[in-house]
1. Test of understanding: among THR20, THR73, which residue is part of a helix (DSSP H, G or I) and under 28 Å from GLY158 (Cα atoms)?
2. Specify the residue that is modelled with the highest pLDDT; the eligible residues are those in the range 164-185 that are exposed (fewer than 10 other Cβ atoms within 10 Å of the Cβ) and in a loop (DSSP other than H, G, I, E, B).
3. Only residues in the range 88-102 that are among the hydrophobic types (A, V, I, L, M, F, W, C) count as the first member; pair them with residues that are surrounded by 15 or more Cβ atoms within 10 Å (Cβ to Cβ) and not in a loop (DSSP other than H, G, I, E, B), Cβ under 6 angstrom, at least 6 apart or cross-chain, and list the lot.
4. Within the set of pairs 6+ apart or on separate chains, which have a first residue in the range 139-163 that is in contact (Cβ under 8 Å) with a residue 60 or more places away in the chain, a second that is assigned to a helix (DSSP H, G or I) and surrounded by 12 or more Cβ atoms within 10 Å (Cβ to Cβ), and C-beta atoms under 6 Å apart?
5. Sort through CYS126, CYS120 and tell me the only one that's in contact with a strand residue (DSSP E or B) (Cβ under 9 Å, 6 or more places away or on another chain), farther than 26 Å from GLN148 by Cα and at pLDDT 85 or above.
6. Of the numbered conditions (1) exposed (fewer than 10 other Cβ atoms within 10 Å of the Cβ); (2) under 30 Å from GLU105 (Cα atoms), GLU130 fails exactly one; give the number of that condition.
Amino acid sequence: MEIKLYDLFKYNIPAFIRNTYQFRKELWKYRSWDSAYSLMMLRRGLEQTAKSIELGYEEETSRLKKVEKIKRTVVLLDNFINDNFIEQTEKELGIEVVNRISFTEYKPDDEDETNNRELCEIIDTCTEQESENNRKIFARRREIEVEQWKELFDILKGQDYNIDNMTEEEYDNFYDGSGILGWWD
C-alpha cells in the first residue's frame with residue numbers, strides 16, 4: 001500500500017494537474033453531444049505527442065516521419081473541428097457561395113380567421129449561374145470532407161506490413177510514419 005500511496009503523490013497527482021492545465025481550453029469547451037469536442041481532445045493530445053517525439057531521442061529517420069504524419073493529422077482534425085470545407089472548396093474552385101434570399105409576407109389562399117399568425121415566404125434570388133456555382137461548391141465540399149476523413153483514418157490506421165520479413169533498410173524505405181499505435185513506441 002505504501003508504494004501505491006507514494007505513486008499517487010509523486011506521479012499521479014502532479015500528472016493530473018499538468019494534464020488539466022494542458023487540456024484546460026478543451027476541457028472548458030467540451031460537450032458530449034458533438035464529435036468536434038472529442039476531436040479537439042485528440043488534437044491537443046497529438047500536439048503534445050508531436051512535441052515529445054520531435055524533442056526525443058529516437059532514431060531520426062522514423063522520428064521525423066512520425067512527426068510529419070502527426071502534424072498532418074492535427075491539420076485534418078482542425079478542418080473537421082472548424083468545419084472549413086466550404087472555404088477550402090471556394091479557394092480550390094475560385095468561386096464563392098452566394099446566399100441571396102429575401103423574406104416576403106405570405107398570405108395563404110384560404111384566409112382562416114382563427115389563424116392570425118404572420119407568415120413569411122423565403123425567396124431565393126440567386127441567378128441561375130449563382131445557383132449552379134453553389135451546387136458545384138456544395139458537391140465538391142462533400143467530396144473534400146470524405147477524402148480528408150479517409151486520409152485521417154488511413155494515417156491513424158497505419159500501413160499494412162510484416163516487419164519480420166524486412167531488413168532495416170527496407171523498413172526505413174517502406175515506413176511512412178503513419179499508425180497511431182506506433183507513435184509512442
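1. Details: THR20 fails: under 28 Å from GLY158 (Cα atoms).
That would be THR73, the only listed residue that is part of a helix (DSSP H, G or I) and under 28 Å from GLY158 (Cα atoms).
2. THR167
3. What qualifies is ILE95/ASN133; VAL97/ASN134; VAL97/ILE137; VAL98/GLU130.
4. Taking only residues 6 or more apart or on different chains, the pairs are GLU145/PHE85; GLN148/LEU76; GLN148/ASN79; LEU152/LEU76; ILE155/LYS69; ILE155/THR73; LEU156/ILE180.
5. Numbers: CYS120 fails: at pLDDT 85 or above.
On inspection, the qualifying residue turns out to be CYS126.
6. GLU130 satisfies all of (1) exposed (fewer than 10 other Cβ atoms within 10 Å of the Cβ); (2) under 30 Å from GLU105 (Cα atoms) except (1).
The values are calculated or read from the model by the stated rules, or taken from the named source; none is laboratory data. What you see is a predicted model; the values in this text were computed from it and never measured. All Cβ positions, glycine included, derive from the backbone under ideal geometry; neighbour counts span all protein chains shown.
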